[in-house]
Amino acid sequence: MLESTDEMLRYLEEYLGMPMPFRKLDFIAVPRFGGAMENPGLITFSSAILLIGKSADAAAQRRALGVTAHELAHLWFGDFITPDYWNDLWLNEAFATWLSVKAVAIAQPDQAYEVLDIADKTAAYEIDHGLDGRRVRETIMSRDDIRASFDRITYRKGGAILTMLEGWLGEERMRDGVRRYLRNADGGTVVAEGLIASMEEPSGNIEIKRFFTTFLTQTGIPQIHASVQCNGAGPPKLTLRQSRYLPLETRPRQTKEDRKRRWHIPVCVRYPSDASGTATVRQCTDLGEVSAQTTLKTKSCPAWLLPNDGDTGYYHYMLSADGFARLPLDQLSPKESLGLVHSVSAAMHAGDLNIEQGLGLLERMLAVKSIKVHEVIHEILYELANSVIGDRERPAFAAMIRRWYRPIVQQVGVTPRPQAESWMTEVRPTLMLLLADLGEDPALQRQVRRHLEAWLDDPVKIDLLLLNSWLQVAALGADEALATRYKDAMRSTRNRYHKFLFSGALHGFRNPKLLASPLARNQRSPAAWPVLAGAMRYPALRKIVFEALKPSSIVQEEAASLFAPMCDKATSHPLLNLR
Ligand SMILES: [Zn+2]
């Protein structure tokens, strides 16, 4: 961490054209402290984040680097200059988030770091998809408002707005604008208007103001519908149309105002420049109105068009199912792949793609070696399994899961492998559970049980996520003998993490006799609800789950929202011809 810090600090000084604004810089690792705090000259870190050894896994390294870079950037943005008032808190956090990606890329120019967890904008989607989200620049009236503003909208969406601005202006203009903003503020307090004015200089550009205003003072995320027209002899035309992205579940509460929201969006697309497909063209359009049409810089009809080049834009995009399918996965960056899978997910949740089309596109994306892409696919599969897949469709759905995931699990293995690519280590635990649970794969359950029992006999050091996954997978097919071993191990272990995992795994039993007692004990715990949703998939368990839910109305309310069908349109689809 010390080596990387040096490099990152030097990079920031050079990029910002200004030395570190304080005379000294120390780090202190604090036990039982959450996150980190950018005190000038003495940054405090959770010891769990900072004190990692060289053998730490990729996720811990990413976190340590990302948090350190974030705090270093705060020395300028937050410490040297600081917002005039809390409504512009984003001026601190968005800059720290955006700059952390650049600094980490310098210290660790590894592709795996391209989608840095603490800067990942997709974490803001869940809030921004709803009708009750927060604005990046929000009115602050009370202390509760201040507390609420330290959220993913301020950090992740705020950072994404700066990324989008840089994609639009280019690296040089962006850097010059940021330097001007720092110089103009000169160690004082700042407001958003100051940043906007610095970015507009020297030419004065009204569009920058509209861009900032529409993204800072409106909730929600735009969706861009892109279509290419290749008619007759002239060059192909690109039509872009914007609307607010709204998943179907928001439909009952949408107002006219919710639907007619518009943004000033810099849309940058990429497509092959000629029929050979060897070179590509990047082309940007300012989408300030509902729709715009531009002429593509190629004579031939492009084989594909990516509507978010570099995934720098904060928007979802919509193509025809065929337009999605033609995107060349091997030519997309990790960030672009993540943007694609989120756009497909968004289109499924809005009813723009039906389930069969959506699943076809997701199956293609299984080839992408990215933990984040796989996580999105897993989430969709669990949502389907817990909502629209009924008893009639279940065998076909499980068969599909086995067809998708058996080859991948075979490749990554169920135990750690020396020299495995880091994405394998990260994706292995969830993949196994998905195949064993949704894929109802008894062979995998038996295989994992053998490894788990050997470990219980001789509990050597093990990755906690892997242990958790083994416990969950083996629990699915557990008999009384295995259940007894779980309970014994839970009582006898002195490792509090292991104790926690054992107690959680008791909810994973699918044998009605074994599940009843853990449910009766823990039905009030929110942690049990997703487990209940999982258990509801099994007809033999429904009565038990229902009985466990009955005593508490709060639990019933929460459970109702979990079990509500994902969306009305999805259920009305003739549920796929799953093979
Ligand atoms: Zn921060």
Give the residues of the range 405-453 that are buried (at least 21 other Cβ atoms within 10 Å of the Cβ) and of a type in the set (Phe, Trp, Tyr), sorted by residue number. Tyr405
What residue, among those in the range 30-39 that are assigned to a loop (DSSP other than H, G, I, E, B) and either at positive phi or modelled with pLDDT of 95 or more (or both), is nearest to the ligand (Cβ to nearest atom)? Glu38
Which numbered condition Arg417 misses (of (1) under 24 Å from Lys461 (Cα atoms); (2) modelled with pLDDT of 90 or more): (2)
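Pull up the range 95-114, narrow it to residues that are within 14 Å of the ligand (Cβ to nearest atom) and not small (Gly, Ala, Ser), then point me to the one that is nearest to Glu336 (Cα to Cα). Lay out the reasoning, then the answer.
First, the residues of the range 95-114 that are within 14 Å of the ligand (Cβ to nearest atom): 95-101, 103.
Imposing the further condition that a residue be not small (Gly, Ala, Ser) reduces the set to 95, 97-99, 101.
Values: Phe95: 22, Thr97: 19, Trp98: 17, Leu99: 19, Val101: 15 Å.
Here the residue is Val101.
With the requirement that a residue be away from the ligand (no atom under 16 Å from the Cβ) and surrounded by 18 or more Cβ atoms within 10 Å (Cβ to Cβ), what does the range 115-126 give you?
Matches in the range 115-126: Val115, Thr122, Tyr125.
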Given the conditions (1) within 30 Å of Ala454 (Cα to Cα); (2) within 16 Å of the chain's Cα centre (by Cα), every one holds for Ile380 apart from (1)
Just checking, how many residues over the range 28-64 are in contact with a Ser or Thr (Cβ under 6 Å, 6 or more places away or on another chain) and among the aliphatic types (A, V, I, L, M)? 5
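For the range 7-29, what are the residues that are assigned to a strand (DSSP E or B) and either exposed (fewer than 14 other Cβ atoms within 10 Å of the Cβ) or away from the ligand (no atom under 16 Å from the Cβ) (or both)?
Filtering the range 7-29 for residues assigned to a strand (DSSP E or B) gives 26-29.
Result: Asp26, Ile28, Ala29.
Could you say which residue among Glu207, Glu201 is surrounded by fewer than 19 Cβ atoms within 10 Å (Cβ to Cβ) and over 32 Å from the mean Cα position of the chain (by Cα)? Break it down into steps so the answer makes sense when it comes.
On the way: Glu207 fails: over 32 Å from the mean Cα position of the chain (by Cα).
None of the others qualify; the one that does is Glu201.
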Given the conditions (1) within 17 Å of His507 (Cα to Cα); (2) in contact (Cβ under 8 Å) with a residue 24 or more places away in the chain, every one holds for Asp488 apart from (2)
Going by what's in this entry, would Asn92 be described as assigned to a helix (DSSP H, G or I), more than 16 Å from the ligand (Cβ to nearest atom) and closer than 22 Å to Val136 by Cβ? no
I'm told Pro235 meets every condition in (1) farther than 18 Å from Gly288 by Cβ; (2) out of contact with any helix residue (DSSP H, G or I) (no Cβ under 8 Å at 6 or more places or on another chain); (3) part of a helix (DSSP H, G or I) except one. Can you identify the failing condition by its number? (3)
Residues of the range 248-266 classified as surrounded by 13 or more Cβ atoms within 10 Å (Cβ to Cβ) and closer than 25 Å to Ile208 by Cβ, total: 6
Within the range 127-147, how many residues are surrounded by 10 or more Cβ atoms within 10 Å (Cβ to Cβ) and among the acidic types (Asp, Glu)? 3
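Considering every residue within the range 116-133, establish whether at least one is assigned to a helix (DSSP H, G or I) and among the basic types (Lys, Arg). Before you say what the answer is, go through the steps one by one.
So in the range 116-133, the residues assigned to a helix (DSSP H, G or I) come out as 117-119, 121-128.
From the residues that got through so far, the ones that are among the basic types (Lys, Arg) too are 121.
Among the residues of the range 116-133, at least one is assigned to a helix (DSSP H, G or I) and among the basic types (Lys, Arg), which makes the answer yes.
Out of the residues in the range 38-69 that are out of contact with any strand residue (DSSP E or B) (no Cβ under 8 Å at 6 or more places or on another chain) and surrounded by 18 or more Cβ atoms within 10 Å (Cβ to Cβ), which is nearest to Phe22 (Cα to Cα)?
Initial filter on the range 38-69 (out of contact with any strand residue (DSSP E or B) (no Cβ under 8 Å at 6 or more places or on another chain)): 38-40, 48, 52-66, 69.
Filter once more, so that each one left must be surrounded by 18 or more Cβ atoms within 10 Å (Cβ to Cβ): 38, 61-66, 69.
Values: Glu38: 12, Gln61: 27, Arg62: 26, Arg63: 25, Ala64: 22, Leu65: 21, Gly66: 21, Ala69: 16 Å.
So, considering only residues that are out of contact with any strand residue (DSSP E or B) (no Cβ under 8 Å at 6 or more places or on another chain) and surrounded by 18 or more Cβ atoms within 10 Å (Cβ to Cβ), the one nearest to Phe22 (Cα to Cα) is Glu38.
Checking the conditions here, which among Leu72, Leu42, Leu51, Leu65 is within 16 Å of the ligand (Cβ to nearest atom) and within 25 Å of Pro418 (Cα to Cα)? Before you say what the answer is, go through the steps one by one.
Values: Leu72 fails: within 25 Å of Pro418 (Cα to Cα); Leu42 fails: within 25 Å of Pro418 (Cα to Cα); Leu51 fails: within 16 Å of the ligand (Cβ to nearest atom).
Answer to the check: Leu65.
The values are calculated or read from the model by the stated rules, or taken from the named source; none is laboratory data. All values reported here derive from a predicted model rather than from experimental measurement. Cβ atoms come from the backbone with ideal geometry, glycine included; neighbour counts cover every protein chain shown.
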